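Let me begin by presenting the structure, written as structure tokens, before commenting on it.
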Amino acid sequence: MMIQLNPARRALSGAVAATLALAACSPNDGPLAARTQLLSTKLAISSPGQTAGGRIAVDVRTEGTSEDIGGLQGMVRFDAAKLRYVGQAQDNGTILYVNAKGAARGELRIAELNPDGLRPRSGKMVFEVLAPAYIGSIRYEHEVAATRRTLAQYTRAEDGGIMVDDAMSVPSDARVMDLADWKAEAARMDAARGTKGTIALRPGEYRLNLQYGDATLDGAVNTTDAVYIINVAVGLGEIIIGTDAPSRDAVIAGNPVPYNVGGPLAPGIEANGDRIINVSDALGIINEAVFGNQPVVGDVIAGRGARPGAGARVTLSGSINTNRLLSKDTVYQLDGIVRVNGGATLTIQPGTRIEGNTAFPSISALFIDRDGMINASGTALEPIVFTCTGTKVPGCWGGVSVAGNAPINSASILIANNPAVAGRTLAGCLAAQAEGGGPEYGGCNPDDNSGVMRYVIVEFGGFNLSANNELNNLTLSGVGRGTTMEYIQAHGGRDDGIEIFGGSVDLRYLYLTDNSDDSFDYSEGWIGRAQFVLVSQNPADGEKGFEVDNTPATPFTVQAPWGMYGEVWNFTIVGDLSTDAAGPVSGNSVNDAIHYRRGAKGVLRNGLLYSSPRAILVQQTETCGTDLGGQKFVFRNSTIVDMHTPAAVVNPSSVAGTCGDALPLDTNATTGTVRIAAGNPFAAAPASAPGRISSALDRNNPDFRPLATFSMSNAAVPVSRNLTITSTGNPGGTTGTVLSLTRPEFFDASATFLGAVAPANLSKTNAPWYAGWTRTATYSNP
């Protein structure tokens, strides 16, 4: 007999409803509007009046759908003073996974899975009764459920309350199961179906022909993959892998749902762009193992097919002055400096590999001249990779340099004013030549378009020719805001990761890793914006996270046509644990997270600075002052965590006076954790920050997500600002002309968190934007 204790269905609590307010639909299930039934969930218990010392069984029931539910996920909450969790039990064919880490405080995160549909009493949780009146202290909070065949997802459900099922037995063998138990159980279930597989527990290698669903990278789609993904879904497994390199991959191979068949989005990406690993992914995988013929699952992931053969190599040299297409079935080798000019566009297919020839007698590099364009639009599954031939070491080739026709201020290698470029710029504004013999740049058009670089990895580029005369991994000189620069990794550069010389280019989603000198360097009147800038420095070879200059000319005041007004929101800079790391570049060691100098102005907001010898060094009085246009240097809404020398969190020793409200200074810091807030620049934060960032210093599998418990109250809403500045020359007329630069909105205003990466959710199942397509210090893409 079943007794309904609370027949009235209640809406979810406000907190839960706010989090889970939207129901998503699988493409196989049709529009959400066509679904007339609403999922209802309830907890069933074996007895409402068990005495202290006795045991009860609990399971989750669903109703209200025309198709069986094959998987569900959520949280069981209970009063730990009245109930003690004993363990779990399940019948054949059902997988019930319970994360019991929070059991002592009355929290169990659960996921239940059965490709034949969940049945009453199949997955049970057993509790010991500690005190009476326990029935009102237990509840289920729904997160997601999926129908067993079509994988229609329900992220919203009515709470059906609690029911009594006195026919439900209380298993005597219930126990807390761990990964070893599930490894054995998965092997048994696979053997029963005639399949086999193991959950790999050691780092492996990149696998060609990898299929969606093969999350354990063992060459088969089976129950072990589903079990691993459930493990991840309830927070007992980690998803951050840097790329598909180690022996498990939840980010791409283990995240096939939503299927997105025939749509613009790749599999696994939600309608809002998020990548969430949950029970729906596990159900899609086990459906393939049991029934076969599922959409997406079992298909080879784009970019995981056979590599170009030994004969598929083409050499590029000299100039490319007519439109040229580089295809992913060929490896392209750069012999010497290759220039794109004469109005030509170099188009590069997703997944293409371009290699600078290390053995060539002179430097090999790719230069996009200011009358050329690049269209390198990769994808998260198939990034475009620029690297070198042979052994991969910093400086094994010269990198990529893009020149444009946007304004600059005075530069170190000034030349005659720029020429006119048809369709790009008028003549008569400041121009310069890039360091290292790079292309000429600069012009009169802040809206200039040099093309697209998206989902691009530039690795081991750069070259030190002489002091202050270098090539970088990626150099952007006079590039205009009509250019698209997003999802770019600059790794292992001999000099800077990305260096910007003037211009107005906007950038977002930059992953700057292991670069020998500065990771993000900008100067010469850059008036662009950047958001989501993630810096990870090499402990053995690195210098500054950000280096910001105005001009090398003295005095360090506004230079023609204007000063330095770069604006950066949502940035993370990770240093290292040592204080004396010296790299192969003479004098290089990780030191200042940020170095601002030479009269530069601009904005730094929503930053997270972690583990550096010093957070910020400010030099020259002009940096702290207000320029002719009323612009200041503003550093706000940021947090500094675990600096090596707490008393030197900020070092303004070379500044005459202080920067006042332009730069918040703290001369009384006693810990390495300092908060910068708009109202109280250096309000005290907790003295230590272990665990605030998931795993920022792990160079094998770094995870830069702040933990869900890390306070984001210090963050501000990113908003673009227009600039009113005073020109000291072209463009804009005569000296003293007031210019109002109206800039279109660029920032993602929903990023009200600190740092470059959104915080992890409670179960850490939200994949950050850099995961799955970038490389780590110990692993490279093929």
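We did not get these values from a lab; they are worked out from the coordinates using the rules stated. In this text, all values refer to a predicted model and were calculated from it rather than measured experimentally. Cβ: placed from backbone, ideal geometry, glycine included. Neighbour counts: every protein chain shown.
Please compute the length gained on full extension between N272 and T51, using 0.36 nm multiplied by the number of residues separating them and subtracting their Cα-Cα distance.
So the chain would gain 74.7 nm between N272 and T51.
With the crude spin-label approximation of a point 7 Å out along Cα→Cβ, what separation in nm comes out for R77 versus L707?
Taking the two extended label points, one gets 2.0 nm.
Could you sort the peptides 595-601, 104-110 by per-residue average Cβ neighbour count (10 Å cutoff), highest mean leading?
595-601, 104-110
Quick check on the stretch 79-124: what does the Kirkwood estimate of hydrodynamic radius come out to from the alpha carbon pairs, in Å?
Across the stretch 79-124, the inverse of the average 1/r is 11.5 Å.
Tell me the label-point distance for the pair S319, D68, using the 7 Å Cα-to-Cβ offset, in nm and rounded to one decimal.
7.0
Using 0.36 nm times the number of residues separating V719 and N209, minus their current alpha carbon distance, what extension gain do you get?
Computed gain between V719 and N209 is 179.3 nm.
Calculate, in nm to one decimal, what N469 and D181 gain on full extension: separation in residues at 0.36 nm each, minus their alpha carbon distance.
Here the segment from N469 to D181 would lengthen by 97.7 nm.
In terms of Cα to Cα distance under 25 Å, which lysines are near enough to K101, apart from those fewer than 8 places away along the same chain?
Straight-distance partners of K101: K42, K82, K124, K183, K764.
In what sequence, highest mean first, do 341-351, 165-175, 449-459 appear when ranked by Cβ atoms within 10 angstrom?
Put in order of decreasing packing, that is 449-459, 341-351, 165-175.
Normalised radius of gyration for the stretch 439-480, please: alpha carbon Rg relative to 2.2 N^0.38 Å, two decimal places.
Computed over Cα atoms of the stretch 439-480, the ratio equals 1.41.
If you average the C-alpha positions of the stretch 330-352 and of the stretch 503-563 separately, how far apart do those two centres end up, in angstrom?
26
Please work out the FRET efficiency for the pair A422 and V261, using the Cβ-Cβ distance as r and a Förster radius of 56 Å; give the result to the nearest 0.05.
Computed FRET efficiency for A422 and V261: 0.80.
Using Cα positions and a limit of under 30 Å, work out the lysines in reach of K601, with same-chain residues fewer than 8 apart set aside.
Result set, ordered by chain and number: K544, K632.
Percent relative contact order of the stretch 60-109, based on C-alpha pairs within less than 8 angstrom and at least six residues apart?
40
So, in Å, what gap is there between the alpha-carbon centers of the stretch 417-455 and the stretch 293-314?
38
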